[in-house]
Structures are given as structure tokens and as C-alpha cells.
1. Filter the stretch 115-128 down to residues that are part of a loop (DSSP other than H, G, I, E, B) and either β-branched (Val, Ile, Thr) or over 14 Å from Asn182 (Cβ atoms) (or both), then give me how many there are.
2. Answer yes or no: is there a residue in the stretch 267-289 that is crowded, with 17+ Cβ neighbours inside 10 Å, among the β-branched types (Val, Ile, Thr) and assigned by TED's automatic domain parsing to the domain that holds Glu44.
3. Which members of the stretch 200-237 meet the condition of being of a type in the set (Asp, Glu) and either closer than 29 Å to Leu110 by Cβ or touching a residue at least 12 places away in the same chain (Cβ under 8 Å) (or both)?
4. Tell me which of these Pro186 doesn't satisfy, since it passes every other one: (1) surrounded by fewer than 16 Cβ atoms within 10 Å (Cβ to Cβ); (2) within 27 Å of Gly17 (Cα to Cα).
5. Report yes if Ile153 is more than 30 Å from Ile296 (Cα to Cα) and in a helix (DSSP H, G or I), otherwise no.
Amino acid sequence: MISDIKQLAIIGPTASGKSDLAIKIAKKIDAYILSIDSLSIYKEIDIVSAKPSKEELSSIKHFGIDVLKPNDYFSVDIFMDIYKDVIFTCKKENKNLIIVGGSSFYLKSLIQGLSDVPTITEEVISHVKMKMTDLQECYKFLYNLDSQYMKNIAPNDSYRIEKMLLIYEASKLTPTEWFKQNPPKPIIENLDIYNIDVDREILRDRISKRTHKMVELGLIDEVCYLEQKYTRLPNAMSSIGIVEVLEFLDGEVTKEKMIENISTHTAQLAKRQQTFNRTQFAEVIGAPLNQLEDIIFAKNGGISPT
């Protein structure tokens, strides 16, 4: 029997303690965990992404972790499909769901939803593939057609350019007109969102300690392995923690400077995450980590899928 389930989200900046909190809550409310972390979704990127340990992953069933290879393409569309599969599994197995991670953009996409796309035939796909051999010309064509929409897409963003071209060829509508006629539909509604409030000085200290620990665990060896196996071309290889190690391997910086750069860039990311979480969600319950567990459990304690 497929039942309704309770869902909640835990967000916060990197190194704020989200994963540990999610596991604690999941054990109390009989839930699975869906990761919204843009690096943890990749296999073999373990230390850089600060994934939960094997013991933690085995203690509570996790989704959205170790799904793709580092050279596989990843987008919000793929995440949406993962979410739908997870919801089906949770309902089938009578489990609640905790969504947790630092890439809150994916959470916002779930709440806002995505627009439908027109029916795309094999003929249209084949036609567009042929056109896409000249990416620059495709971008120019779409920009002249709909500068309002295309000005927000980079000329080298082949994925989005191809998607817009498919929409136009299938519907004969500009992207602006298509999305106007087909507004996004929310995928998830009535979601409680909990944000970990943390002082920036405390966060910087945690980030620094975590960076040193990552190096001790073999960060440099992991990046060497990833570069050798996948080259530097995949988007995942331009992530914080990988770029700085590659600079060290190229002899551009010392090991000490590499560690400093990782900490600095991670702290800058954390600041951006805090700003996003504060401004992009209408209703969020925020509290320091040591209080949030009690707050979440007080509202959700003892729940079970019904």
C-alpha cells in the first residue's frame, strides 16, 4: 500500500552540521534522507564533498549520493527525477523524508517547480543535433529570436542552448513565449524548512578545521586520482577543494597556501549560501544547531507515515 508521508528540509551553510542533524532526526522520525549536495551526487568524489561516512550512510538510507560518475552531466532536471523516485520509494516503504544539503537551489526548484516542455519528436531531436554542431551559430540564432531570454544564458552553455532550441523547434514559440504560456508547477508543497543559524566566525573556524582534516584524510591523493581518471574537463573538477589542489599540483602555490585558499573559498561559499537561504525561501524556521534538533522534533516528534 502506498501512503502519504511527512517531508521536511534542513538547510544551512557548508560545515554547519546539517548531515549529522539529519541523521539524528531521521532515526527519531523513521525517515530516509535525500541529499541536495551538488558534489556528493558523484561517485569517487568523497573527501572533497565531505560525504557522510560509510557507517552513517549505512545507518540511514540515503538518496542523491554516489549516483553519477564525475564526468556525467548533472542538472536540476535530473535532480527532479531523483526526487520523484525517492518519494515513490518512501511511500511504498512507509518512510518519511528529510531533504538536506547545501545546494538550496535544488530545494527552491522543487518548491517552484519546472515548466513543462513540448512534445519533442525524434525528427526534431535529430534536426537539433545537427544544428548543435555549430554552437556559436545556434546561440546567435536564438539570441536574435529571443534576446530577452538568451541574455541570461552563456554562449558556451551547450545544455541550455540545446534545450531552448528543442523547445523552439518543437513548439515554434520563443522560450519567453513558451514559458509564459507554460508556467512552472510546484512539485512539493507545504514543506517545513529548517535553517541552521551559525555565527560566521564560528563557521570559519569549523571550515578551517574541516579543511585540515580533509588533507589528512588524503584530499591530494583523491584529486590526483580524479584528474588521472577523468581529466580536468568535467564541471565537477572545477569545484572548491579540487581547483586549489590542482593549483598546488601545478606548483603554483605551496601546500600551506592551498589549505588557506580552500578555507577562504569555502567560507565565501558559506556566506553566499547563507544569503541565498535567507532571501529565497518565504517561511523558514531558523535556530542554532544545538537548538534546532529539539525544535524539529517538537514539531515532528513521534510522527510516522499515515
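1. Here is the first cut: in the stretch 115-128, the residues part of a loop (DSSP other than H, G, I, E, B) are 115-121.
Going one step further and asking which of them are either β-branched (Val, Ile, Thr) or over 14 Å from Asn182 (Cβ atoms) (or both), we end up with 117, 119-121.
Of the residues in the stretch 115-128, 4 are part of a loop (DSSP other than H, G, I, E, B) and either β-branched (Val, Ile, Thr) or over 14 Å from Asn182 (Cβ atoms) (or both).
2. No: the stretch 267-289 contains no residue that is crowded, with 17+ Cβ neighbours inside 10 Å, among the β-branched types (Val, Ile, Thr) and assigned by TED's automatic domain parsing to the domain that holds Glu44.
3. Initial filter on the stretch 200-237 (of a type in the set (Asp, Glu)): 201, 205, 216, 221-222, 227.
Hits for the stretch 200-237 are Glu222, Glu227.
4. Of (1) surrounded by fewer than 16 Cβ atoms within 10 Å (Cβ to Cβ); (2) within 27 Å of Gly17 (Cα to Cα), only one is false for Pro186: (2).
5. No; evaluated as a whole, the condition is false for this residue.
Residues checked against (1) crowded, with 22+ Cβ neighbours inside 10 Å; (2) over 21 Å from Ala282 (Cα atoms); (3) in contact with an Asp or Glu (Cβ under 8 Å, 6 or more places away or on another chain); (4) modelled with pLDDT of 95 or more:
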| site | (1), (2), (3), (4) |
| --- | --- |
| Ser3 | no, yes, no, no |
| Lys6 | no, no, no, no |
| Ser35 | yes, yes, no, yes |
| Ser38 | no, yes, no, no |
| Lys43 | no, yes, yes, yes |
| Ser53 | no, yes, no, no |
| Ser58 | no, yes, no, no |
| Asp81 | no, yes, no, no |
| Ile99 | yes, no, no, yes |
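The values are calculated or read from the model by the stated rules, or taken from the named source; none is laboratory data. Note that the structure is a prediction, hence the values are computed from the model and not measured. Using ideal geometry, Cβ is built from the backbone for each residue, glycine included, and neighbour counts are taken over all protein chains shown.
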